[in-house]
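Where a number appears in this text, it was derived from the coordinates with a stated rule and is not lab data. The shown structure was predicted, so the numbers you read here are calculated from the model rather than taken from an experiment. Glycine gets a Cβ as well: all are built from the backbone with ideal geometry, and neighbour counts include every protein chain shown.
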Amino acid sequence: MDARLNLHTNPLAAQLFKHFNAAGKVIANSTLPAATQELVKIRASQINGCGFCTDMHTKDAAAAGETPTRLNLVATWREATVFTDAERAALELAEQGTRIADAAGGVSDEVWANAAKHYDEDQLAALIAIIALINAYNRANVIVQQPAGDYVPGMFG
């Protein structure tokens, strides 16, 4: 299976994604915990049906020491006992931020307040940015039908 368009070799797409990647580095260097960043990217990617990003971020998280149990339970985090209250707040914010079109009210005040209990303003800014950025990556990869399964941690940087 080949992608409809190679986002890595097309000059315009490569230039655009260079900027996306730069934004991702700002987020990665923030005080938002790395594990939370990966969990959010995985959950949004699952919701959006992005196999490429789900493959990438589960493998990156595992390479960084995330446990198989937690990775296997991301999609069912509400019922899982392996996530902290802060991670649960981030996952809920990620879900509502990803499903904006499904909910007329967008992100609820309750979900925002819960996230704000666990994260400072810089971390909230990083959460907003990572949710927006992973959704952009997901949409691009889903549109071009980017194949999943061959990602190796570190292959893009």
note = HN-Hα couplings for region 121-126 via Karplus (6.51, -1.76, 1.60; θ = phi - 60°), in whole Hz with x for Gly/Pro, come out as 4, 5, 5, 5, 4, 5
Modelled label reach - Ala64, point 7 Å along Cα→Cβ, region 100-122 residues with backbone N closer than 20 Å = 115-116, 118-122
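Below 8 Å between Cα atoms, with a sequence gap of 6+, how large is the relative contact order for the chain in percent? The partial results should precede the final answer.
On the way: 164 pairs, mean separation 60.6, N = 157.
Dividing the mean separation by the residue count of the chain yields 39 percent.
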request  = Pull out the extension gain between Thr81 and Phe20, defined as 0.36 nm times the separation in residues minus the alpha carbon to alpha carbon distance; nm, one decimal.
outcome  = 18.6 nm
Centre separation in Å (Cα based) which lies between region 98-147 and region 28-50 = 9
note = For the chain, longest principal axis from Cα atoms; helix 109-118 axis from its Cα atoms; angle between them, nearest 10 degrees, is 90
request  = Please list, or write none, the aspartates and glutamates whose alpha carbon is within less than 16 Å of the alpha carbon of Lys25, excluding same-chain residues fewer than 8 places away.
outcome  = Glu38, Asp60, Asp122
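Using the Cα centre of the chain as the reference point, and only Cβ charges (+1 on K/R, -1 on D/E), how large is the resulting charge dipole? Debye, rounded to the nearest 20.
420
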message = Compute the angle between helix 51-63 and the longest alpha-carbon principal axis of the chain, please, reported from 0 to 90 degrees and rounded to the nearest 10.
response = 70
query = Points 7 angstrom from Cα along the Cβ direction at Ala34 and Arg99: gap in nanometres?
reply = 3.1
query = Along the charge dipole of region 35-157, which of Leu93, Val74, Val152 sits closest to the positive end, that is, farthest toward it, with unit charges on the beta carbon of Lys, Arg, Asp and Glu (+1, +1, -1, -1)?
reply = Val152
query = Once the principal axes of the Cα atoms of the chain are found, what is the range along each, listed largest first in whole angstroms?
reply = 43, 32, 30
